[in-house]
Each structure stands twice: as structure tokens, then as C-alpha cells.
Amino acid sequence: MKEAKRIIWGLILGVVLGIILASIPDKSIYEGLNKYALQPIGTIFLNLIKMLVVPIVFFSIALGVMGLGNPKELGRVGGKAIIYFMTTTAVA
């Protein structure tokens, strides 16, 4: 199965599961499921995304700059873009 189809099926399954869990009158089942299964998986997922996003963006910009060959071709705009990226990354 292609990745796009798996993503769409995962989205549909998540919506259906959310509707089912929201319609259960006894919320103790959801609280246990959330505490021991859903929250740890979500936390791990978000931490992995945080860990990967900054290096990917940094290396894509660095490789783009190195691909120019001559740093003088980058110009003022490129230098400002790199300084802006480094500043926002440090603040984040």
C-alpha cells in the first residue's frame, strides 16, 4: 500500500476511534488508555519531530549555500537569511 493511502487510513481510523472513545459514558476507560498508551506515544512522537526538524532545516540551508561554490554569489540577502535562521533557531 502506498504511503499516502496509509496516512489517509490512519486519519480515518483516528477519527473513528476518537468518536467511539468520546461516546463512551464511562470515562475511566479513556483515562487509563490515555495515561498508559496514548500520552506516552504522543510524547515520544513529538520529541522525535523536535529532534529532527532543526537539523534537517539547517543542513538543507547549509547544503544550498555550499552548492553555490562562491560565497560572494550568496550576497547580502542570503547572509541575512542565514543570520535570521540562526537567530530564530537559537530563540526556539
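Values quoted throughout were computed directly from the atomic coordinates according to the rules given, and no laboratory measurement underlies them. Predicted, not measured: the structure shown is a model, and the values here were computed from it. Ideal geometry is used to build each Cβ from the backbone, glycine not excepted, and the neighbour counts take in all protein chains shown.
On a C-alpha basis, how far is the centre of region 1-41 from the centre of region 76-92 in Å? Whole number, if you could? For region 1-41 versus region 76-92, the Cα centre distance is 39 Å.
Against the empirical 2.2 N^0.38 Å (N residues), the chain has a Cα radius of gyration ratio of 1.76. Approximating the spin labels as points 7 Å out from Cα along Cα→Cβ, the residue 54-to-residue 37 distance works out to 3.4 nm. Annotation: lysines with alpha-carbon distance below 18 angstrom to residue 27 (same-chain offsets under eight excluded): 35. From helices alone, the chain scores -27500 deg cm²/dmol at 222 nm; the rule is -39500 (n - 2.57) for each run of n ≥ 4 DSSP H residues, then divide by the residue total.
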